[in-house]
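Data block below; observations after.
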Amino acid sequence: MDKLIHGIVAGGDARFYTAVTTATVTEAVLRHGTSPTTSAALGRMLTGAALLGASFKDFDRLTVKVEGSGPVGGITAEATKEGTVRGYVKNPSAEVPAAENGKFNVRGIIGEGTFYVIREFGFDIGFRPEPYIGSVPIVSGEIAEDFAYYLAKSEQIPSAVLLGVLLQNKEPYVTASGGVMIQMLPGANQHIVTMIEDTVSHAPHVTELIRNGAAPIDLAKMVLGELPFEVLEEREVSFKCTCSLERARTMIAALGRDEVESMLTEDKGAMMTCGFCNEIYQLSEEDLEEMLSTDGEALGEARDHV
Ligand code: ZN
């Protein structure tokens with residue numbers, strides 16, 4: 001099971017979040033059948049969303065989204081406060097040649113555009129306040145820098161973010177995935193900030209460490225160097241979608257009586273694929289007939305769609 005830890009640097013100058021997300025990203029990549037560069041981009045987004053989600057106190061759903069001019073078209077990653085994530089890309093098979101240094105050209109596949117962070121609330125009380133939406137231009141397209149830029153610009157939190165996905169040519173494709181997010185706290189000692197920046201910029205790739213068996217605590221030791229720290233929380237991270245046959249039914253019913261009738265007569269059933277996890281839901285003729293016969297339930301009524 002993938003893990004994420006959250007802690008504080010002694011003295012309270014910074015808090016940190018580190019995660020190993022190999023299994024989570026593997027599941028996303030297998031479900032979406034993403035190309036190598038798209039897999040790297042999706043994996044970084046999912047890991048970044050998990051780390052950022054751990055750092056926010058109040059929200060029910062966190063959505064991190066890039067919409068860019070590159071061939072991937074856009075990537076969406078969602079995290080819950082419990083640590084589950086899910087995500088999708090517009091064009092899973094999009095691919096671009098490797099960058100000059102031989103690395104995946106994530107910047108090239110994303111292009112120029114906007115980076116969004118959306119926090120939604122109130123899922124448990126049935127009343128949805130307006131979501132909190134922050135957005136910044138994509139400054140790098142390599143994703144980690146975009147998370148850091150967002151934190152600095154929108155949340156006024158100077159930070160350092162590292163996100164990595166290591167891939168191989170055969171299933172399960174993802175050899176290692178994980179990341180680190182360090183957020184400086186107000187009034188942080190400038191000497192400590194400089195030390196952290198220096199250690200982070202010279203740190204080995206997180207994925208190399210993870211491939212060799214590193215846990216989140218080892219990533220923290222690596223990026224914090226000599227600084228003493230305290231772990232405050234450990235949580236599990238996993239890929240989990242909120243779709244279900246029941247939700248598929250609700251969404252089909254919401255299309256309205258005419259639409260359901262034509263599905264019944266023309267298609268003899270209905271099929272729905274969840275965009276977030278590629279799960280396929282089949283509704284039989286009997287399901288649709290039952291939908292049409294339930295008199296009290298107004299078909300086509302807009303419903304909740306978490
Ligand atoms: Zn799903």
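The values are calculated or read from the model by the stated rules, or taken from the named source; none is laboratory data. Remember, it's a predicted structure, so these values are computed and weren't measured experimentally. Cβ atoms come from the backbone with ideal geometry, glycine included; neighbour counts cover every protein chain shown. What goes into the accessible areas is simple: the full protein's heavy atoms, side chains included, and nothing from ligands, DNA or RNA. Shrake-Rupley method; radii C 1.70, N 1.55, O 1.52, S 1.80 Å.
Some notes on this structure:
- In the elastic network of the chain, a GNM with C-alpha springs shorter than 10 Å, the most mobile of Arg128, Arg249, Arg235 is Arg128.
- Those aspartates and glutamates that a straight Cα-Cα span of less than 14 Å connects to Lys90, excepting residues fewer than 8 apart in one chain: Glu67
- Per-pair calculated FRET efficiency, R0 = 22 Å: Phe127 and Asn91 via Cβ, rounded to 0.05: 0.05
- Per residue, the accessible area of the chain comes to 48 Å², computed with a 1.4 Å probe over protein heavy atoms only.
- Apportionment of accessible area to carbon and sulfur, segment 2-239, percent (1.4 Å): 51
- Shape class of segment 127-252 from the alpha-carbon gyration tensor: oblate, with a/c at 1.5 or above and b/c at least as large as a/b.
- Three-way shape label, segment 132-195, alpha-carbon gyration tensor, a/c 1.5: oblate
- Charge sum, other residues only, whose C-beta stays under 12 Å from Ala99's C-beta, Lys/Arg counted +1 and Asp/Glu -1: 0
- Comparing Glu279, Glu261, Glu208 in a Gaussian network model of the chain, where Cα atoms under 10 Å apart are tied by springs, the biggest mean-square fluctuation is seen for Glu261.
- Among the listed pairs Lys3/Lys81; Lys170/Lys221; Lys57/Lys153; Lys65/Lys240, those beyond 21 Å (Cα-Cα): Lys170/Lys221
- Two-site FRET efficiency, Glu155 against Lys268, from Cβ-Cβ distance with R₀ of 35 Å, rounded to 0.05: 0.10
- Label-point separation in nm, Glu246 to Ile280, each point 7 Å along Cα→Cβ: 2.5
- Taking amide H as placed 1.01 Å from N in the peptide plane, the amide H of Val237 sits under 5 Å from that of Asp2, Lys3, Leu4, each at least 5 places away or on another chain.
- Amide hydrogen neighbours beyond the local backbone of Tyr173, cut-off 5 Å, H modeled: Gln168
- Gaussian network model of the chain, Cα within-10 Å springs - most flexible of Asn169, Asn278, Asn101: Asn101
- Cα gyration tensor shape of segment 2-239, rounded if a/c is under 1.5, else prolate or oblate by comparing a/b with b/c: rounded
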